Each structure stands twice: as C-alpha cells, then as structure tokens.
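Read the structure below first, then the notes.
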Amino acid sequence: MSYSSPAQSKIMEELGLSVADYSFFTSVMTLGGMITAVFSGKISALVGRRQTMWISDVCCIFGWLAVAFAHDIIMLNTGRLFLGFGVGLISYVVPVYIAEITPKTFRGGFSYSNQLLQCLGISLMFFTGNFFHWRTLALLSAIPSAFQVICLFFIPESPRWLAMYGQDQELEVSLKKLRGENSDILKEAAEIRETVEISRKESQSGIRDLFHIGNAHSLIIGLGLMLLQQFCGSAAISAYAARIFDKAGFPSDIGTTILAVILIPQSIVVMLTVDRWGRRPLLMISSIGMCICSFFIGLSYYLQKNGEFQKLCSVMLIVGLVGYVSSFGIGLGGLPWVIMSEIFPVNVKITAGSLVTMSNWFFNWIIIYSFNFMIQWSASGTYFIFSGVSLVTIVFIWTLVPETKGRTLEEIQTSLVRLS
C-alpha cells in the first residue's frame, strides 16, 4: 500500500499522470483486493490456507513486475490491480491461519505479528523510497513474495482445515509440528474435531447462515471495526504520506523517515503486550490517541492556512502524524483482524471472512481514491472529519466489542451467540 507514497511525484512526472489518474492507480489495488475478498474464504476452504497464500504470492510477483516495467497507465494499473488480487487473498487467510494454529494463551501476540510485519513493510518502503527510483523500488518489493513462495513449503497446514475434510492423521501430524513432537495433542485434536463436526451438523457455510440472528453481534462487530478502521483515515497516511508532508511544507523525505523509524518499535511493544492487556484496552487507547492526533493534524493545517504560528504548525504536524501512526499501530491497525478471526464460528467463518474482508477493501478504496480530492478541498477539514470518526470508534468499541483475551475460539463464539 505504501509504495504509492514515495513513488507519486516521479510516476506522475515521467508518465504524465493527472491527480485523478494517480488516485485511481493508488486505489485500484483496493478494487483488486475487494474482488478476491469475495472468493478468499471459498478459495482457502477449497485448496487450504497454505495454497491460498501461494496463489497470493504469485499474483503479487506478477503485479510488481508489471509496475516495474510499465510504460503507460494501462500496464501500471494492471500491475497494481494484480497486487490487489494478491493482498486481498492474503489479508483474509493470514489472520485465520494464525488464529487456527496458535494456542489461546499466545494467540493475540502471534496474530499481531502479522501487523508487526506489515509495519516493517511500510517502514522499508518509506525509508528505501527516499533512495531508489520507482521502477527499482517495485523490483525490490517483489523479493518478499518470492521468498515466501519458498518458505510455504516448510509450514504445516491448519489443523482446523484438515479437520473440516476429515484428514485425522494429517491433523495430528500438523499439531505435532506446531506443538512439538513430545506434546500431548490428543485432547486438542479431539476438541477441534468436535467443534468442526458440530458446526457441520448445524449448517453449511452460506450467506443465509451468516445473517442468522445468532451471528448478528459478530457481524456488527466485524463490519463495524473494518468501516471505522478505514474511515479514521489510516490508509491515507500509508498511501500518501509524502503528499501530506508536502502539503504542509514539511520535507517529505525527513517526515517519512521519522514515520519509518517509529513504526517497528511500537508494533513490537503491542505484540508483547496484547495477551496481557487484552484487545479492548488497546483498541480504546488506540482510538483515543487517533482522535486527539487527527485533531492536531487538522489544527496545524488550519493555522498554516491562516498564516499563524508557522513554526508551531510544523511541530504540531509531525507530532500529530507520529502520534496518529503510533496510536493506529497499537490497536486499530491489527486488532480488528485478530478479532475477526476469533468471533465467527467455523460454519460461517468462510462467508463471514470474505464479507468482512471485502467490506474492508471497499471502505479502503473510498478513502484512498477520495483523499487527494478531500485534501485539495480542505486539508484541515479532512482531518477534523477523521477525528470525529475516531470519536465514534471509541463509543463503538466501548459499547459493542467484547474482550477475547485468554478464551478459546469456541468460548468466544458461544458468548456472542448468547448476546445476539
């Protein structure tokens, strides 16, 4: 996602793109993600979690090569679209896979490692984007996908997926690899089989089952968190960070480097604390921080526009952006995906995961495509709106989102059905 930030000025200059052209190039990735999100649950159920990740990597490699060698807007958009296809698949399957292989004691921390590595990718892009041409940057970006293609041969398949297809022997082999050869996995294997069998008897995964009254609370939480995560403006910073700094008259190379430096430490802190503090407290802290920092960013733009406190504006902007990125990273960045992987029962997890992921990409597309036009309309007004949405997020989390720390997936899902 963050490739579009350092590449914006050079791509627009060399290929003669307008603001609308570049906004579409940046946002077409989210359209690709939305398309594959419709099928991500079905694909991962049909071919397995590992194979789905492999398909994603192939799409991403093709996408990066197309961007790197593009000489017109069509090839550029085609490459970006395939990147969306790949990320749309992997953004669903990775949280589900991690939740299904991890013991409940460590599930939050392991699930958040996904967010940590996403922050690492954004940081690398922000930092290396200051030194490499956009074509070279695209080629370098294909390396992680190629590396993962090889590494996927060495990880086990999800035990719960194996149970869904009655592969009992493979299920136990997978658990042995995950828990250790000397671990007693018989009880856990029996619980997984029982849960999957109950879900299979209750109903088959389908859209009608998803909208059953028993799943209402889970659905509201899943869709609500994804909508609020995007409408807080988070995607705009990763996609247009350089533009945001330029608009405020702050050197973009310095600003993006500062953001790159702070992303990794704050993600490590969250990964180590998420199973101690719980999901709700981190989400609340995250939303409050984003609300305050968005207001400061909007205020800095407002004061700058009126020619007041120019030096203070630059300080306020960088403090606001660093605070915003840190606040987003400690909660709302990764925890909605962790919670999404925990709250839906096995029998609707495929359909629910696809719907929630597709909605996230759709909301993401709205922000990514409209942001350049919004900031031209009013930079301060844009961030005051984001601050208001963050305030709504605080209320939503406080009233509707349950704590899932230290509970099995089965316990979480049973409690939510009762609330519905």
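Protection proxy ranking of 35-41, 97-103, by the mean of other Cβ atoms within 10 Å over each peptide's residues and highest first, is 35-41, 97-103. Please give the helix 134-151 orientation as an angle from the longest Cα principal axis of the chain, in degrees from 0 to 90, rounded to the nearest 10. Helix 134-151 sits at roughly 10 degrees to that axis.
Against the chain, whose longest principal axis comes from its Cα atoms, helix 216-231 is set at around 20 degrees.
Would you compute, from DSSP H runs of 4+ residues alone, the mean residue ellipticity of the chain at 222 nm, taking -39500 (n - 2.57) per run and dividing by the full residue count, rounded to the nearest 500? So the helix-based figure for the chain works out to -28000 deg cm²/dmol. May I ask you to list the aspartates and glutamates whose Cα is less than 13 Å away from that of Lys405, ignoring any residue fewer than eight positions away on the same chain? By straight Cα distance, Lys405 reaches Asp275, Glu342. Extension gain, Gln310-Ser183: 0.36 nm per intervening residue step, less the Cα-Cα distance, totals 39.5 nm. Glu188 contributes about 50 Å² of solvent-accessible surface, heavy atoms of the protein only, 1.4 Å probe.
Over the range 207-419, what is the relative contact order in whole percent, taking alpha-carbon pairs under 8 Å and six or more residues apart? It rounds to 39 percent for the range 207-419. Here the accessible area of the chain is 69 percent carbon and sulfur, with a 1.4 angstrom probe and all protein chains present. Loop-located trypsin sites (Lys or Arg not before Pro) in the range 134-187 (DSSP state other than H, G, I, E, B) with a sparse environment of at most 10 neighbouring Cβ atoms within 10 Å are absent.
Partners of Lys305 within straight-line reach, counting lysines whose Cα lies under 19 Å from its Cα and excluding those fewer than 8 residues away in the same chain: Lys247. Tell me which label goes with the value of volume of the Cα convex hull per residue in Å³ computed from the coordinates here: [x] 153; [y] 139; [z] 128. Among [x] 153; [y] 139; [z] 128, the one calculated here is [z]. Per residue, the range 1-155 exposes an accessible area of 41 Å² to a 1.4 Å probe, with every protein chain left in place.
What do you reckon, how do Leu225, Leu81, Leu272 stack up by accessible area (1.4 Å probe), largest on top?
On the way: Leu225 5, Leu81 50, Leu272 110 Å².
Largest accessible area first, the list is Leu272, Leu81, Leu225.
Projecting the Cα atoms of Val58, Val315, Ser2 onto the dipole axis of the chain, where Lys and Arg carry +1 and Asp and Glu carry -1 at the beta carbon, places Val315 farthest toward the positive end. Compactness of the range 207-419 was expressed as the Cα radius of gyration divided by 2.2 N^0.38 Å, which yields 1.09.
The values are calculated or read from the model by the stated rules, or taken from the named source; none is laboratory data. This structure is a prediction, so every number in the text was calculated from the model and none was measured. For neighbour counting, all protein chains shown are included, and Cβ atoms are generated from backbone atoms with ideal geometry for every residue, glycine included. Heavy atoms of the whole protein, side chains included, go into the accessibility calculation; ligands, DNA and RNA do not. Shrake-Rupley method; radii C 1.70, N 1.55, O 1.52, S 1.80 Å.
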